[in-house]
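> Pasting a structure below so you can have a look.
The values are calculated or read from the model by the stated rules, or taken from the named source; none is laboratory data. Note that the structure is predicted; figures quoted are calculated from it, not measured. Backbone-built Cβ (ideal geometry, glycine too); neighbour counts: all protein chains shown. Note: accessible area is taken over every heavy atom of the protein model, side chains too, but ligands, DNA and RNA are not part of it. Shrake-Rupley method; radii C 1.70, N 1.55, O 1.52, S 1.80 Å.
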Amino acid sequence: MTVVDPEIRSQQRLLWLVALGFFMQTLDATIVNTALPAMAQSLHESPLRMQSVIVAYSLAMAMLIPASGWVADRFGTRRVYVAAITLFAVGSLLCAMSTSLPLLVASRVVQGLGGALLLPVGRLAVLRTFPKERFLQAMSFIAIPGLIGPLIGPTLGGWLVEVASWHWIFLINLPVGLIGAVAAYFFMRSGPAVNVARFDWSGYLWLATGMVTLSLALDGLSGLGLGQAGVLVLLVFGLASLVAYWLHAMRSPAPLFSPQLFSVVSLAIGLLGNLFSRLGSSCMPFLVPLLLQVSLGYSPFEAGLMMLPVAMAGMAVKRITTPLITRLGYRRVLVGNTALVGLAMMSFALINPGQHLALRLLQLALFGAVNSIQFTAMNTLTLKDLEGSQASSGNSLLSMVQMLAMGMGVAVAGAVLAGFAALLGPVSAARLDTLASFHATFVTMGFITLASAAIFWQLPSGLEPGLVRGDASAAGPHEP
């Protein structure tokens with residue numbers, strides 16, 4: 001009879017716990033998209049103005065991710081992880097109980113605050129438990145649910161909407177969250193005591209204020225109904241807050257994110273490229289299911305099934321991404337692939353009711369493939385030259401930028417869509433009128449992505465691929 005070492009058994013339990021939290025997070029990030037039209041109908045809102053549901057979640061995560069490492073060190077990984085799962089489940093329950101769009105958005109903020117701690121704190125627990133030679137293998141195991149979540153999320157969301165109601169896309173988190181919280185309490189170690197420095201509250205408040213106000217400004221014209229003056233005030237206030245953070249960080253002995261990080265060329269270009277290229281590509285999981293249901297008459301379940309080629313193609317190209325970068329280098333891959341992502345997005349302007357299904361599936365698969373290559377290349381570029389204390393700070397900064405870009409991208413796409421809908425016809429117009437608005441939005445967002453290729457053009461032509469410590473593909477919370 002084989003006796004399992006208690007230490008190995010404890011490590012296996014930890015991996016399953018962290019994987020469970022990651023699965024909850026990635027599933028929730030994708031399951032909502034196909035349910036937006038049903039939510040809009042239930043809450044008496046326009047389906048073209050529901051982007052706030054996604055923006056609030058992404059923005060809440062972006063706000064708390066920078067503080068996740070300090071919170072885990074201060075209160076202990078087990079305590080924080082149990083609190084994170086509990087908060088995520090409570091937020092899910094509040095979402096299901098929401099009777100208006102403002103209440104749903106507020107509930108998504110609660111959910112996002114819990115989700116922001118799940119992966120960073122879980123990854124920190126794994127880092128402290130596993131020896132260096134087994135860390136990559138452990139992180140690869142945890143990354144698997146991150147691939148499964150986006151694969152089944154849209155289809156599961158559409159199915160639940162049809163057989164029950166949109167409320168169940170949140171209610172299914174409750175039993176999973178309960179099991180995860182109880183298991184984490186009993187099986188996750190508290191971790192060794194860590195001496196933590198004083199938290200940079202001033203810098204954090206300036207940074208959080210800047211992110212929130214900029215995102216609200218981008219969402220203001222469509223989701224919040226703000227006038228141009230209100231949007232302009234928010235933009236100026238947000239930019240001023242970010243400048244204030246930068247000035248604070250330059251003279252602070254222990255800033256949240258040191259300006260010295262940007263002396264690393266690969267990180268500086270990688271972060272800027274992540275931000276601007278994701279402004280375009282991150283809106284696609286929001287726009288495509290909305291297009292299929294609002295303009296082409298797909299059911300929620302059918303719209304969810306149509307997103308399968310995106311996830312499957314993204315998984316299929318993972319194996320060729322590293323050899324591709326090794327052979328061509330970061331500059332060529334990122335400049336060329338960013339252009340391909342933008343063109344693939346623009347191609348959705350060709351979608352019409354008479355288009356052959358095979359061609360539509362091919363479009364979705366091609367977008368999923370080039371988008372997956374883009375994420376992996378950008379992540380490894382950003383982190384590959386960081387050493388020592390810079391690695392942890394740079395990884396947190398990358399995660400924050402990714403979530404911020406996801407929220408801002410959906411907000412921008414929602415504002416552009418609402419603008420074209422007002423220009424080309426009323427929101428309640430016929431399907432062909434809304435189709436024209438979607439076409440114009442795809443071209444606009446694709447052009448933004450295409451223009452961001454100029455950022456990667458600034459990379460040195462001889463930049464070596466190198467190796468990244470850990471699992472770069474898991475650097476962000478929702479990488480396909």
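> Would you mention how many residues in segment 97-120 are open to solvent by 20 Å² or more (accessible area, probe 1.4 Å), among the polar types (S, T, N, Q) and closer than 15 Å to Asp28 by Cβ?
Counting residues in segment 97-120 that are open to solvent by 20 Å² or more (accessible area, probe 1.4 Å), among the polar types (S, T, N, Q) and closer than 15 Å to Asp28 by Cβ gives 0.
> Go through Leu271, Leu292, Leu305 for me and flag whichever is assigned to a helix (DSSP H, G or I) and touching an Asp or Glu at 6+ places or on another chain (Cβ under 9 Å).
Matching residue, one of Leu271, Leu292, Leu305: Leu292.
> Report, by residue number, each residue of segment 341-363 that is among the aliphatic types (A, V, I, L, M) and open to solvent by less than 30 Å² (accessible area, probe 1.4 Å).
If the condition is that a residue be among the aliphatic types (A, V, I, L, M) and open to solvent by less than 30 Å² (accessible area, probe 1.4 Å), then Val341, Ala344, Met345, Ala349, Ile351 are the ones that fit.
> Please verify whether Arg360 is of a type in the set (D, E, K, R), modelled with pLDDT of 85 or more and farther than 30 Å from Pro255 by Cα, treating the condition exactly as stated.
yes
> Another question, then. I want to confirm something. Restricting to segment 34-51 and keeping residues that are open to solvent by 10 Å² or more (accessible area, probe 1.4 Å) and in contact (Cβ under 8 Å) with a residue 12 or more places away in the chain, which single residue is nearest to Gly409 (Cα to Cα)?
If we take residues in segment 34-51 being open to solvent by 10 Å² or more (accessible area, probe 1.4 Å) and in contact (Cβ under 8 Å) with a residue 12 or more places away in the chain, then Arg49 is nearest to Gly409 (Cα to Cα).
> When you scan segment 241-256, how many residues do you find that are under 24 Å from the mean Cα position of the chain (by Cα) and either within 12 Å of Arg198 (Cα to Cα) or without any contact (Cβ under 8 Å) to a residue 24 or more places away in the chain (or both)?
1
> A further question follows. Could you please let me know if Ala208 is aliphatic (A, V, I, L, M) and modelled with pLDDT of 80 or more?
yes
> Go through segment 74-96 and give me each residue that's at pLDDT below 90 and open to solvent by 60 Å² or more (accessible area, probe 1.4 Å).
Residues satisfying the conditions are Arg74, Phe75, Arg78, Arg79.
> Which of (1) over 20 Å from Ala453 (Cα atoms); (2) surrounded by fewer than 20 Cβ atoms within 10 Å (Cβ to Cβ) is the odd one out, the single condition Leu366 does not satisfy?
Result: Leu366 fails condition (1) only.
> Among the helices (runs of 4 or more DSSP H) contained in segment 20-114, which hold 2 or more residues that are touching a Gly at 6+ places or on another chain (Cβ under 6 Å) and closer than 25 Å to Leu279 by Cβ?
52-75
> Within segment 236-268, can you find the residues that are in contact with a Pro (Cβ under 8 Å, 6 or more places away or on another chain), at pLDDT below 85 and open to solvent by 60 Å² or more (accessible area, probe 1.4 Å)?
Val265
> Would you mind finding the one in Thr382, Thr338, Thr376, Thr322 that is open to solvent by 10 Å² or more (accessible area, probe 1.4 Å), under 20 Å from the mean Cα position of the chain (by Cα) and hydroxyl-bearing (Ser, Thr, Tyr)?
Result of the check over Thr382, Thr338, Thr376, Thr322: Thr376.
> Residues in segment 269-294 that are polar (S, T, N, Q), open to solvent by 10 Å² or more (accessible area, probe 1.4 Å) and out of contact with any Gly (no Cβ under 7 Å at 6 or more places or on another chain): how many?
1
> If you scan segment 44-84, which residues turn out to be aromatic (Phe, Trp, Tyr) and over 17 Å from the mean Cα position of the chain (by Cα)?
Of everything in segment 44-84, those that are aromatic (Phe, Trp, Tyr) and over 17 Å from the mean Cα position of the chain (by Cα) turn out to be Trp70, Phe75, Tyr81.
> While we're looking at this one, here's another question. So if I check each of Arg128, Arg134, which one is under 21 Å from Ser396 (Cβ atoms), modelled with pLDDT under 80 and open to solvent by 70 Å² or more (accessible area, probe 1.4 Å)?
Every option except Arg128 fails the conditions.
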